[in-house]
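The block underneath contains the structure these notes are about, expressed in C-alpha cells.
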Amino acid sequence: MARFTGIWVALVTPFHNGEIDFPALRNLAQKIAASGVAGLVVCGSTGEAASLDDREQLAVLDAVLDAVPDCPVIMGLAGNNMADVLQRQQQMQARPIAGLLVTPPYYIRPSQAGLIDYFERLANAASVPMILYNIPYRTGVNIELSTIRTLAQHERIVAIKDCGGDAAMTMQLIADGTLDVLAGEDQQIFSTLCLGGAGAITAAAHIRPDLYVRIAQLVQSEKLGKARQLFYRLLPLIQLLFSEPNPALVKAALAMQGLIRDECRAPMQTATTAMREQLACELKQVMEVECL
C-alpha cells in the first residue's frame, strides 16, 4: 500500500469568466510538479471543489492527470449522500490516482459511530489508498482520536490530513505510527515535520514550492536550524495568505505572477484591495529568498 510523505500542494482551480480555465490549470500543475513536490491534490477545499459539479470535478482531475502524468495526484472526495459519494468514488478510481482525500460528510454532523460507518464503507469500496481529512471548522464534526484509531485498522486507510487544531492528538497520532500524519494547517508544517510527521498538504506552497520541499529535506536531515530559518522567512506570507477565506489570497498571489486570473467562483470572493497591497510586498520578499 502506498504511503504519503513530503510536500503535496493542494491545487487551486483557475477560472475565466466563471468557467474552468484549463490551459492555466495545466500550466500551473506542470510548474508546481517540476519544483520537486511529492504530488498534487485536486478538488480539495483550496480547489473550490464545493462549487464544482461532478462533471467539472472529473474534468479537473483528467486535465491534471494529462498535464503531469508522472506526478502522483490525490483526488478530493466529499459529500453527504452515501450512494452518490460511492458512485463518484468509483468514477475517480477509474483514473490513475495515487489516493483519495476524504472528509466527513458536511452539514450532517454524524456521531463518531456514523463517521466510522461512513469511512469504512468508502474504504471497503476503495481500490486506492485513502487519506482521512479532519477539518471540523468546514464539516462541523471532529474525528476523535479513538475513531481515527479504529479507522486506521483498515488496510486502505493509510494517512490523515490534520486540520483538527489539537496538538496533543497530532503528537499521539505520530507516536502511534499507524497513519502518515500530514499537516493540513500551513502554519503547523514545520512543527509537524519536527515532531515526526510525514509531510504536509499545503495551499501556501503554490508560492515557492521549492522552499517547502527544502524545509522537509532539511528536517529529515536533522538540520533543524536551517529548516527553522527558512520556515520563518515564509511564515509572514503563510499568515497573510489565510487572513481571508482560502483560496482568495493564494489566487491573488498567483495572478500577480501571471500564472492564473484572479477569479473565484461565487460565493467565494476575491481578495480585498487592502490585502492585495500587503500581499504584493510580502510576495516580492519571498520570491527573493534563497534556498538554503
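The values are calculated or read from the model by the stated rules, or taken from the named source; none is laboratory data. The structure displayed is predicted, hence computed values, not measured ones. Glycine gets a Cβ as well: all are built from the backbone with ideal geometry, and neighbour counts include every protein chain shown. Protein only, heavy atoms only, side chains kept; ligands, DNA and RNA dropped before computing areas. Shrake-Rupley method; radii C 1.70, N 1.55, O 1.52, S 1.80 Å.
Output the number of residues of segment 123-149 satisfying the condition of being among the polar types (S, T, N, Q), open to solvent by 50 Å² or more (accessible area, probe 1.4 Å) and either at pLDDT below 95 or not in a loop (DSSP other than H, G, I, E, B) (or both).
The number of residues fulfilling the criteria is 3.
Does Ser221 satisfy being within 20 Å of Lys161 (Cβ to Cβ), out of contact with any strand residue (DSSP E or B) (no Cβ under 6 Å at 6 or more places or on another chain), of a type outside the set (Phe, Trp, Tyr) and surrounded by fewer than 22 Cβ atoms within 10 Å (Cβ to Cβ)?
Considered against the rule, which asks whether it is within 20 Å of Lys161 (Cβ to Cβ), out of contact with any strand residue (DSSP E or B) (no Cβ under 6 Å at 6 or more places or on another chain), of a type outside the set (Phe, Trp, Tyr) and surrounded by fewer than 22 Cβ atoms within 10 Å (Cβ to Cβ), Ser221 comes out as no.
Could you count how many residues in segment 162-190 are modelled with pLDDT of 95 or more, assigned to a loop (DSSP other than H, G, I, E, B) and surrounded by 18 or more Cβ atoms within 10 Å (Cβ to Cβ)?
Matching residues across segment 162-190 total 3.
Determine which member of the set Ala159, Ala198 is open to solvent by 20 Å² or more (accessible area, probe 1.4 Å), under 16 Å from the mean Cα position of the chain (by Cα), closer than 18 Å to Gly39 by Cβ and among the hydrophobic types (A, V, I, L, M, F, W, C).
Ala198 is the lone residue from the list that is open to solvent by 20 Å² or more (accessible area, probe 1.4 Å), under 16 Å from the mean Cα position of the chain (by Cα), closer than 18 Å to Gly39 by Cβ and among the hydrophobic types (A, V, I, L, M, F, W, C).
Is one or more of the residues making up segment 82-103 closer than 21 Å to Gly199 by Cα, open to solvent by 70 Å² or more (accessible area, probe 1.4 Å) and touching a Leu at 6+ places or on another chain (Cβ under 8 Å)?
Checking segment 82-103: not a single residue is closer than 21 Å to Gly199 by Cα, open to solvent by 70 Å² or more (accessible area, probe 1.4 Å) and touching a Leu at 6+ places or on another chain (Cβ under 8 Å).
If you check Val85 against the conditions, is it part of a helix (DSSP H, G or I) and either in contact with an Asp or Glu (Cβ under 7 Å, 6 or more places away or on another chain) or in contact (Cβ under 8 Å) with a residue 40 or more places away in the chain (or both)? First the steps, then the outcome.
Values: part of a helix (DSSP H, G or I): yes; either in contact with an Asp or Glu (Cβ under 7 Å, 6 or more places away or on another chain) or in contact (Cβ under 8 Å) with a residue 40 or more places away in the chain (or both): no.
No; evaluated as a whole, the condition is false for this residue.
Whether any residue in segment 234-257 is open to solvent by 10 Å² or more (accessible area, probe 1.4 Å), more than 20 Å from Ala274 (Cα to Cα) and out of contact with any Ser or Thr (no Cβ under 9 Å at 6 or more places or on another chain) is what I want to check.
For segment 234-257, residues open to solvent by 10 Å² or more (accessible area, probe 1.4 Å), more than 20 Å from Ala274 (Cα to Cα) and out of contact with any Ser or Thr (no Cβ under 9 Å at 6 or more places or on another chain): absent.
Going through segment 258-271 one residue at a time, which ones are surrounded by 12 or more Cβ atoms within 10 Å (Cβ to Cβ) and either among the aliphatic types (A, V, I, L, M) or modelled with pLDDT under 95 (or both)?
Leu259, Ile260, Met268, Ala271
Can you tell me which residue within segment 275-292, out of those that are open to solvent by less than 60 Å² (accessible area, probe 1.4 Å) and assigned to a helix (DSSP H, G or I), is nearest to Gly36 (Cα to Cα)?
Residue satisfying both the conditions and the ranking: Val286.
Name the residues in segment 149-162 that are of a type outside the set (D, E, K, R) and touching a Gly at 6+ places or on another chain (Cβ under 9 Å), would you? So that I can check it myself, show each step before the final result.
If we filter segment 149-162 for residues that are of a type outside the set (D, E, K, R), which is where we start, we get 150-154, 157-160.
Those that are of a type outside the set (D, E, K, R) and touching a Gly at 6+ places or on another chain (Cβ under 9 Å): Val158, Ala159, Ile160.
Out of segment 17-30, which residues are surrounded by fewer than 16 Cβ atoms within 10 Å (Cβ to Cβ) and assigned to a helix (DSSP H, G or I)? So that I can check it myself, show each step before the final result.
Residues of segment 17-30 that are surrounded by fewer than 16 Cβ atoms within 10 Å (Cβ to Cβ), as a first pass: 17-19, 23, 27, 30.
Hits for segment 17-30 are Pro23, Asn27, Gln30.
Only one of these is surrounded by fewer than 20 Cβ atoms within 10 Å (Cβ to Cβ), at pLDDT 95 or above, closer than 23 Å to Lys251 by Cβ and of a type outside the set (A, V, I, L, M): Cys71, Cys43. Name it.
Cys71
State whether the residues of segment 205-217 include one that is surrounded by fewer than 22 Cβ atoms within 10 Å (Cβ to Cβ), in contact (Cβ under 8 Å) with a residue 12 or more places away in the chain and outside any helix (DSSP H, G or I).
Checked segment 205-217: at least one residue is surrounded by fewer than 22 Cβ atoms within 10 Å (Cβ to Cβ), in contact (Cβ under 8 Å) with a residue 12 or more places away in the chain and outside any helix (DSSP H, G or I).
Six or more apart or on different chains, Cβ atoms under 7 Å: show the pairs whose first residue is in segment 148-175 and farther than 22 Å from Thr46 by Cβ and whose second is open to solvent by 60 Å² or more (accessible area, probe 1.4 Å) and at pLDDT below 95.
Final answer for the pair search is Glu155/Met1.
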